[in-house]
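*Asks:* A single structure is presented below for examination.
What follows is calculated from the coordinates using simple rules that are stated; it is not laboratory data. Here the structure is a predicted model, which means the values were calculated and not measured. Neighbour counts are summed over all protein chains in view; Cβ atoms, including those assigned to glycine, are modelled from backbone coordinates with ideal geometry.
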Amino acid sequence: MLLGTMSAAMLHNSVAGAAGRDALTVTAYNDAQVDTTTVKIGTGSLAIDGTDYLSIDNSGGEITFGTDDFTIEFYIRANALPGGSDYDFIYDSRITGTGVQISLCMNANKMKLYTAGAFRISSSTNMSANTWHHIALTRTGGTTTLWQDGSSVGTYTDSNTYTSRSDVKVGLNFNNVNGTAGRVDEMRISSIARYTSSFTPYTSALTNDDDTLMLLHMDGTSGSTTFEDDNS
């Protein structure tokens, strides 16, 4: 399948932000764009239809975790939930289908972690279509936990050394298929485990700190194809 036509790109910011990091380049493909009508936080969200996606430039390895702790989190509002053997991917850093990288997808009404050739966590709680859900994946002390709306919904004993592709995808899988149709908002990747017990998910815009590796607010004007990593 063709990669599609690049619709916009954010130039790499050479000026370090408050946390001493450079912004990652984020590129919108196909019809990925800002929607200002269906929003969780701020002025916009990422609108994707199952063939659209964002590509995050990870050529410098900024969001490659190795054996370290991490958090990947975002809000997702799916138009529909896949059942049976269908898979809708939201975040995928795999290089190959069986690679030791992180991918998060929806299957059988549940959020799931797939890595090293198998599903490692399947949420114990169903998701709902047309509903905003906060999803977080954390690793600390050798345990990876999947959180849904502030509650732990599954764990995995995790000693993996995580590598990552050079262009992490949001909205499609590594092979540019099995995409999600819906909205994504306020996505953050961190170098620590942000959550170790039940919590109330944030309801206002996050700010960059020393542990932030990437922060996408998905804000902008309606139809914009510019998405910026906030490093300020």
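*Asks:* Determine the sum of side-chain charges near Ser166: Lys and Arg each +1, Asp and Glu each -1, restricted to other residues whose C-beta is under 15 angstrom from that of Ser166. Display every interim value, and only then the final one.
*Replies:* Details: positive: Arg94, Arg165, Lys169; negative: Asp57, Glu62, Asp92, Asp167.
Net charge in that neighbourhood comes out at -1.
*Asks:* Per-residue HN-Hα couplings for the range 120-127, Karplus 6.51 cos²θ - 1.76 cosθ + 1.60 at θ = phi - 60°, whole Hz, x for Gly and Pro?
*Replies:* Taking θ as phi minus 60°, the curve returns 9, 9, 10, 3, 7, 10, 5, 9 Hz for the range 120-127.
*Asks:* Which label belongs to the value computed from this structure, given these candidates for mean projected area of the Cα convex hull in nm²: (1) 11.2; (2) 14.0; (3) 12.9?
*Replies:* After the calculation, the listed value that fits is (1).
*Asks:* Long-range amide H contacts for Ile121: which residues qualify at under 5 Å (H placed 1.01 Å from N, peptide plane, sequence gap of 5 or more or a different chain)?
*Replies:* Under 5 Å from the amide H of Ile121 lie the amide H atoms of Leu113, each far enough along the sequence or on another chain.
*Asks:* Count the net charge of all other residues whose Cβ sits under 14 Å from the Cβ of Gly44, scoring Lys and Arg as +1 and Asp and Glu as -1.
*Replies:* Summing Lys and Arg as +1 and Asp and Glu as -1 gives -3.
*Asks:* Calculate the dipole size of the range 20-141 relative to its Cα centre from +1 charges on Lys and Arg beta carbons and -1 charges on Asp and Glu beta carbons; express the result in debye to the nearest 20. Present the calculation step by step, with values, prior to reporting the outcome.
*Replies:* Details: 8 positive and 13 negative charges, 93 e Å.
I would put it at about 440 debye.
*Asks:* If the cut-off is a Cα-Cα distance under 17 Å, which aspartates and glutamates reach Lys110, setting aside same-chain residues fewer than 8 apart in sequence?
*Replies:* Within the straight-line limit of under 17 Å, Lys110 reaches these aspartates and glutamates: Glu73, Asp86, Asp88, Asp92, Asp149.
*Asks:* Also, I was wondering about something else. To the nearest 20 debye, what is the magnitude of the charge dipole of the chain about its Cα centre, counting +1 on the Cβ of each Lys and Arg and -1 on the Cβ of each Asp and Glu?
*Replies:* Dipole size: approximately 640 debye.
*Asks:* How charged is the neighbourhood of Ser191? Take every other residue with its Cβ under 9 Å from the Cβ of Ser191, and add Lys/Arg as +1 and Asp/Glu as -1.
*Replies:* -4
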